[in-house]
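The block underneath contains the structure these notes are about, expressed in structure tokens.
The values are calculated or read from the model by the stated rules, or taken from the named source; none is laboratory data. The shown structure was predicted, so the numbers you read here are calculated from the model rather than taken from an experiment. Cβ sites come from the backbone with ideal geometry, for glycine too, and all protein chains shown count toward neighbours. These accessible areas exclude ligands, DNA and RNA; they are computed on the full protein's heavy atoms, side chains included. Shrake-Rupley method; radii C 1.70, N 1.55, O 1.52, S 1.80 Å.
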Amino acid sequence: MYVSESVLDLLEFEKSLFPFMENLRGELGRNALASLAPCKTMEQLEGRQELLRAWSDCSDRHGDKEIPWNANAVCVSGLFPSAKKSGLLSGGELLKVKTLLSLAMRVREALSELKTDYPPFESLERRIRDFAPELEALSAIEESGRVADGASAKLQEIRNELENLKRAGRKTAGRLMEDTNILNMLQERSLAYRDGRFLLLVRQEYVNRFPGLLVDRSASGNSVYMEPRMLSAVNNSMMLKARDEQDEETRILMEITRKILTRERAVVEAQGVLGEIDLLYASREVMRKRRWTLPSLSRQTQFNLIDMRHPLLRDSAVPVTVHCKTGAHPFTSLVITGPNTGGKTVVLKTVGLCVTMGWSGLPLPARDGSSIGNIDAVYADIGDEQSIEQNLSTFSAHLKNIVGILKAATSKSLVLLDELGAGTDPQEGAALGIAILETLKNNRALTLASTHHNPIKQYALTTPSVETASMEFDANNLAPTYRLLMGVPGKSNALLIAKRWGMPENVLSLAYASLKAQDVSAEDLMGQLNERKATLDVMERRIEKERAEMAQLKKTYETRVAEIEYQKDKILSAADKRASDLISKAEAASRDLIRGLEDTAKSAAHKEFNAKRQDIQKIRKGLEARHARRVARELENKPEAFAPKEGVTVQVAGSDIVGVIESVKNGKARLVAGPMHVEVPVERLMETRKTAKIALPPVDTTSAMKRETVPSSLMVRGMSVDEALPLTSAYLDKAYRAGHSSVLVIHGRGEGVLRREIHALCARLKYVSDYRLGEAGEGGYGVTVVEFGK
């Protein structure tokens, strides 16, 4: 969406962002807020909103400390232009870069851990690069900004030598101050260190007698700093070493600077991401503290702002509800009338401000349920450039601005026109105002205009796709209420206000007589409509409030019921799985036991086993029936519009299998879920925000080459027992010899006959150390995981 700088100034956009500024945690966020602009596309806006919702959900669940922050991190992009010229960043400047990159790496790690639960975080994590090499180089900078001793072996050597020289100088000075002749000349018995040289403070009267050179005078003027001859050699050596130290520090700083400048773009981008994160934090705080809300988005060109308030009016703002191209009788143009200082200009500015803030991805000072649509630009002729209350523009300035708006506005634009037709002859001004509104209506642009002209009011009342509204006025108290009455044109109230302020009756009589009879009737009708509309508005707000409370209660109830059902299904599913595992292992053990019996005992054992087997079948059917009911419940909640397609991440109903659709054919989808390729009926697939597991390649390339010919899974679903068992036995033997530690046998759910036979086979094979049904993400009851012994 396009909004010019002049329109942003008219809307007082920057000033109105003070609630966010108050909640930002540092310079990075302030920089991000200062450079904030409306999104260019609806897709970009949807991304910003998803990010803010994910941040709010994460903060509500984990608190604000889940993603780290450092208030000492500041913007460093301004350091780079001069550094490119000089090739050098100072220790203090590199410390700022170090602080920023250190925070970026910690945030990147946190986002990486959270992105599975909050997928929008992945876009932020992807934009923060790896700065491990740069941070390793910056470790040479201490927290004070000083280059560390260990930054290079040469620097360490120089500083050791310099320290040795200082010790030697202090030792020589100590011997010198033990000489009583020298001691009597000193102002203080202490060694001074100035400009890299050791000096003694000598009394003024002993300047010519002290064995040394005059260097400086003390602040009091009663003594002087002198360098003893005995310290001259040490001081000279220290100065040379200090210069060597400075040269080596400069070399190290230039080397680190070069490394940082090669990653300038990545550093600036990381700085921007951290600024966005601080802005997300501030936005969430504004939503929590001020009860601002994120508007819903519509692909249609419209807006619906419920109980909006202008931020600059703070607590004195009166909530106003205004919409355009929504509701039972949609319209594209809204004409607002009413007395001066009644709030018309505030309504126009607040609408423009809310649409601009909404398209910037920010929460709005409006009630939940508000929405904004696909608007490509905001144009405004509000007629003042100083404040919300004053109008200082001339008719010519209005006209020039409106001509530009008529040329630029499209069917997706929002146009705000204040005091339409004012500043010139009333009849000509009204005619011109009607023509402007008709042109914008024909272009289907969303238009909000304020006016005092009765012809424009009558045009709005009688023209399709044009609606009227008025600012309510308390005639008894001669004061505006600042409430907007949709659907009713407003009275001017000029004569009534004049009467209240003592205008002579003869003057008022002449004024009324000069009005046309039909105009007076229209004014009276408008007054009656205003009164009836005010009563209906009160009733509508009360009903709307009760409806919203009921909807919230219903939503809370449904959410809690869904959570209880989910926990119940989870517990039952785990219990059913354990029961099925126990039954399968018990059957396998029973068969092994029967095989080990003598022939005389086998017959009796088979009879007993077959008798118990019927009870086991009943238990299995009960388990499978409960599972089928859980699947049916999950599928009932699946959106009707969901259409599986390639590349979409889905979850199989009734299981924990999450995979990516590889292909869809003949009503079945082929999923890639970890190491498995699974075919599932399309109607069993559900949308999910979970992340599918990815099968990682083996680390050992030698064994990987060996295993290439033997896949990690075998599909025998749909085969008979006689067909599947030989294939499974041969496959397990090959997989074991190829070096697999574990494999999957996909047999499907069915009645469990094939699964039991495969479990019995696994129990007989000596190289199989363990076997079990699949867990979350492995396939559940339809898969057996076979593990091989070492």
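As an equivalent ellipsoid, region 310-351 spans semi-axes of 22, 13, 8 angstrom, where each value is the square root of five times an eigenvalue of the C-alpha gyration tensor, largest first. Electrostatic tally near Asn72: other residues with Cβ closer than 12 Å to its Cβ, Lys and Arg +1, Asp and Glu -1, net +1. Each principal axis of region 1-86 carries a Cα extent, and these read 47, 35, 26 Å when sorted largest first. Here region 340-467 yields Rg over Rh of 0.95, to two decimals, using C-alpha coordinates and the Kirkwood radius. In the full protein context, region 240-296 carries 49 Å² of accessible surface per residue, based on a 1.4 Å probe and ignoring ligands, DNA and RNA.
What translational D, rounded to a whole number of µm²/s, comes out for region 730-776 from Stokes-Einstein when the hydrodynamic radius is the Kirkwood one over Cα pairs, at 10 °C and 1.306 mPa s? Stokes-Einstein gives a translational diffusion coefficient of 136 µm²/s. The simple spin-label model puts a point 7 Å past each Cα toward its Cβ; for Lys65 and Thr481 those points are separated by 5.0 nm.
Kindly list the residues of region 259-292 that lie in the label zone of Thr559, defined by a backbone N under 16 Å from the point 7 Å along the Cα-to-C-beta vector. Answer for region 259-292: 288.
Sequence-ordered 3J(HN,Hα) estimates for region 161-177 from the Karplus curve with 6.51, -1.76 and 1.60 and θ = phi - 60° stand at 5, 5, 5, 5, 5, 5, 5, 5, x, 5, 5, 5, 5, x, 5, 5, 6 Hz, glycine and proline given as x.
Residue by residue, region 135-147 carries 3J(HN,Hα) couplings of 5, 5, 5, 6, 5, 6, 9, 6, 5, 7, x, 7, 6 Hz when phi is fed to the Karplus relation 6.51 cos²θ - 1.76 cosθ + 1.60 (θ = phi - 60°); x denotes Gly or Pro. Modelled spin-label separation between Asp474 and Met550, with each label point placed 7 Å from Cα along the Cα-to-Cβ direction: 3.3 nm. Pairwise Cα separations in region 138-242 fall into 10 Å bins from 0 onward with the following percentages, short to long: 14, 39, 25, 15, 6, 0.
Computed over neighbours whose Cβ is under 14 Å from that of Arg170, the net charge equals +4, Lys and Arg +1, Asp and Glu -1. I need the shape label for region 90-188. Rule: rounded when a/c is under 1.5, else prolate if a/b > b/c, else oblate, with a, b, c from the alpha carbon gyration tensor. Cα axes put region 90-188 in the prolate bin.
Full extension of the segment from Ala738 to Arg146, taken as 0.36 nm per residue of separation minus the current Cα-Cα distance, would add 207.3 nm. Could you tell me which of rounded, prolate or oblate describes region 265-361, using a ≥ b ≥ c as the square roots of the eigenvalues of the alpha-carbon gyration tensor, with rounded for a/c under 1.5 and, failing that, prolate when a/b is larger than b/c and oblate otherwise? Prolate. For Glu751 and Val682, a Förster radius of 30 Å and the Cβ-Cβ distance give a FRET efficiency of 0.80, rounded to the nearest 0.05.
Each label was represented as a point 7 Å from its Cα along the Cα-to-Cβ direction; for Val215 and Arg670 these points are 8.5 nm apart. Pairs from the table (Lys15/Lys441; Lys65/Lys115; Lys349/Lys412; Lys349/Lys441; Lys115/Lys289; Lys349/Lys555) lying more than 23 angstrom apart at Cα are Lys15/Lys441; Lys115/Lys289; Lys349/Lys555.
The calculated FRET efficiency for Arg194 paired with Met21, based on their beta-carbon distance and R0 = 35 Å, is about 0.15.
Available extension along the chain between Tyr2 and Glu255 is 86.7 nm, counting 0.36 nm per residue and deducting the alpha carbon span. Can you give the FRET efficiency for Ser232 and Leu88, using 1/(1 + (r/R0)^6), R0 = 41 Å, r = Cβ-Cβ distance, to the nearest 0.05? That pair, Ser232 with Leu88, gives E of 0.80.
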